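**Student:** Before I ask anything, let me first share the structure, which is written out below as structure tokens.
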Amino acid sequence: MAYFSEDFNQFFSDLRKNNDREWFNAHKKRYEKVVKEPFKAFIAALIEQARVIDPNILITPKDAIFRIYRDTRFSKDKTPYKLHASAVVSSGGRKDTTTPGIYIQISDEAYGLYSGIYQANSKQLYRIREHIAANLNEFEQLLRDPDFVEKFGGEIHGDKNKRIPKEFMPVAEQQPLMYNKAFYFFNELPPTTILKENLDEITIQHFQAARPLSVFFQEALA
């Protein structure tokens, strides 16, 4: 079944040109009908399917889905609404930034699927580097995994530290990812992907491709 109509992407295309409260309030019923409710149903289905793979995923759609309202308190950009719908399907849900799962972001520009570690504190970052150093061969094999290469290009992204603890320097000479402050990977598919009847299958395939590295990072943070 197809979860979304063409008006899902059209809504965000229109919002991009009219990102203000007056326009949004005038189109709120449309938002709820073509964006909010279908997205909730889609995420509910994904949670059920992901739970088969990872029984620790006991969250509800409410735990997974981010609000459309932007926090503008510390931003120069004062537009009130996000230009996408997004959710995290993981055991920790949207409030847990360091439990790997699959982050879904849908806009009129792309269907984005992301995973890995995005926001790690200094202690967590040390544990990740320590785990990579102790299991370097396993880590590099995971990066070369054909499914990971196919779905995510075999690349891990993230800002880098100029300096790292000296005990990690020998490993960093072999594996430059030791300098990373984040370890995330993604695939951005065409926005029309959401109209496919096998959208949940496509998404779960990415979840499965991300899982070996997710487990690796979870072991590091355990």
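The values are calculated or read from the model by the stated rules, or taken from the named source; none is laboratory data. All figures in this text were calculated on a predicted structure; none of them were measured in a lab. Don't worry about glycine lacking a Cβ; one is built from the backbone with ideal geometry, like all the others, and counts go over all protein chains shown. Side chains are part of the model used for accessible areas, which takes the heavy atoms of the whole protein and leaves out ligands, DNA and RNA. Shrake-Rupley method; radii C 1.70, N 1.55, O 1.52, S 1.80 Å.
**Student:** Going by a ≥ b ≥ c, the root eigenvalues of the Cα gyration tensor, does the stretch 66-117 fall in the rounded group (a/c under 1.5), the prolate group (a/b larger than b/c) or the oblate group?
**Tutor:** Values: a/c = 2.47, a/b = 1.47, b/c = 1.67.
It is oblate, given that a/c is not under 1.5 and a/b is not larger than b/c.
**Student:** Treat every Asp and Glu Cβ in the stretch 119-184 as -1 and every Lys and Arg Cβ as +1, leave all other atoms uncharged, and give the resulting dipole magnitude about the Cα centre to the nearest 20 debye.
**Tutor:** On the way: 10 positive and 10 negative charges, 99 e Å.
Roughly 480 debye for the stretch 119-184.
**Student:** Let me check against my output: what whole-number percent is the relative contact order of the stretch 34-169, with C-alpha pairs under 8 Å and at least 6 apart? Present the calculation step by step, with values, prior to reporting the outcome.
**Tutor:** Values: 138 pairs, mean separation 18.8, N = 136.
With pairs under 8 Å counted, the relative contact order is 14 percent.
**Student:** Turning to a different aspect of this structure: Given the pairs 95/123; 82/123; 17/151; 123/151; 95/181; 33/151, which span a C-alpha to C-alpha distance of over 23 angstrom in this model?
**Tutor:** Details: 95/123 19 Å; 82/123 31 Å; 17/151 32 Å; 123/151 30 Å; 95/181 20 Å; 33/151 31 Å.
Beyond 23 Å: 82/123; 17/151; 123/151; 33/151.
**Student:** Would you work out which of 121, 74, 91 lies farthest towards the positive end of the dipole of the chain? Charges go on Cβ: Lys and Arg +1, Asp and Glu -1.
**Tutor:** Positive-most Cα among the choices belongs to 74.
**Student:** So, one more: In what sequence, largest accessible area first, do 36, 166 appear using a 1.4 Å probe? Spell out each step's value before the answer.
**Tutor:** On the way: 36 100, 166 170 Å².
Largest to smallest exposure gives the sequence 166, 36.
**Student:** Another one. Which value, in debye to the nearest 20, describes the size of the charge dipole of the chain about its Cα centre when Lys and Arg Cβ atoms bear +1, Asp and Glu Cβ atoms bear -1, and nothing else is charged?
**Tutor:** Numbers: 31 positive and 30 negative charges, 238 e Å.
That gives a dipole near 1140 debye.
**Student:** Given the -39500 (n - 2.57) contribution per DSSP H run of 4+ residues, what per-residue ellipticity at 222 nm results for the chain, rounded to the nearest 500 deg cm²/dmol? Numbers along the way, then the final one.
**Tutor:** Values: 10 runs with 100 residues, N = 222.
My calculation for the chain gives -13000 deg cm²/dmol from helical runs alone.
**Student:** What is the Cα centroid distance between the stretch 14-46 and the stretch 164-197, reported in whole angstrom?
**Tutor:** 31 Å
**Student:** Another question about this same structure. Which values, in whole Å and largest first, are the semi-axes of the equivalent ellipsoid of the stretch 125-222 obtained as the square root of 5 times each eigenvalue of the Cα gyration tensor? Walk me through the intermediate numbers first.
**Tutor:** On the way: eigenvalues 173, 36, 25 Å².
Semi-axes (√(5λ), whole Å): 29, 13, 11.
**Student:** Express the carbon and sulfur contribution to the solvent-accessible surface of the stretch 13-137 as a percent, rounded to the nearest whole number, probe 1.4 angstrom. All intermediate terms of the calculation are to be shown ahead of the outcome.
**Tutor:** Numbers: 3360 of 6900 Å².
The computed percentage sits at 49.
**Student:** Rounded to the nearest 10 degrees, what's the angle between the helix 122-134 long axis and the longest principal axis of the chain, both from Cα atoms, 0 to 90?
**Tutor:** For helix 122-134, the angle is close to 50 degrees.
**Student:** Tell me the per residue accessible area of the chain using a 1.4 Å probe; a whole number in Å² is fine. Intermediate results must be reported in sequence, preceding the final value.
**Tutor:** Working: 12110 Å² over 222 residues.
Accessible area per residue, the chain: 55 Å².
**Student:** Next question, about the same structure. Determine which aspartates and glutamates satisfy two conditions relative to residue 78: a Cα distance under 12 Å, and not lying fewer than 8 residues away in the same chain.
**Tutor:** 20
**Student:** Could I ask something else about it? In terms of the Cα gyration tensor, with a ≥ b ≥ c the square roots of its eigenvalues, is the stretch 8-124 rounded because a/c is under 1.5, prolate because a/b exceeds b/c, or oblate?
**Tutor:** oblate
**Student:** Something else about it: Quick one: angle between helix 6-17 and the longest Cα principal axis of the chain, in degrees between 0 and 90, rounded to 10, please.
**Tutor:** Helix 6-17 sits at roughly 90 degrees to that axis.
**Student:** Just want the answer: with Cβ charges of +1 for Lys and Arg and -1 for Asp and Glu, which residue in 213, 60, 111 is farthest toward the dipole's positive end in the chain?
**Tutor:** 60
**Student:** Something else: Against the longest alpha carbon principal axis of the chain, how many degrees, from 0 to 90 and to the nearest 10, is the axis of helix 199-221 turned?
**Tutor:** The helix 199-221 is inclined about 40 degrees to the chain.
**Student:** Using unit Cβ charges (K, R positive; D, E negative) and no other charged atoms, how large, in debye to the nearest 20, is the dipole of the stretch 91-149 about its Cα centre?
**Tutor:** Values: 6 positive and 8 negative charges, 76 e Å.
Using Cβ point charges on Lys, Arg, Asp and Glu, the stretch 91-149 gives about 360 debye.
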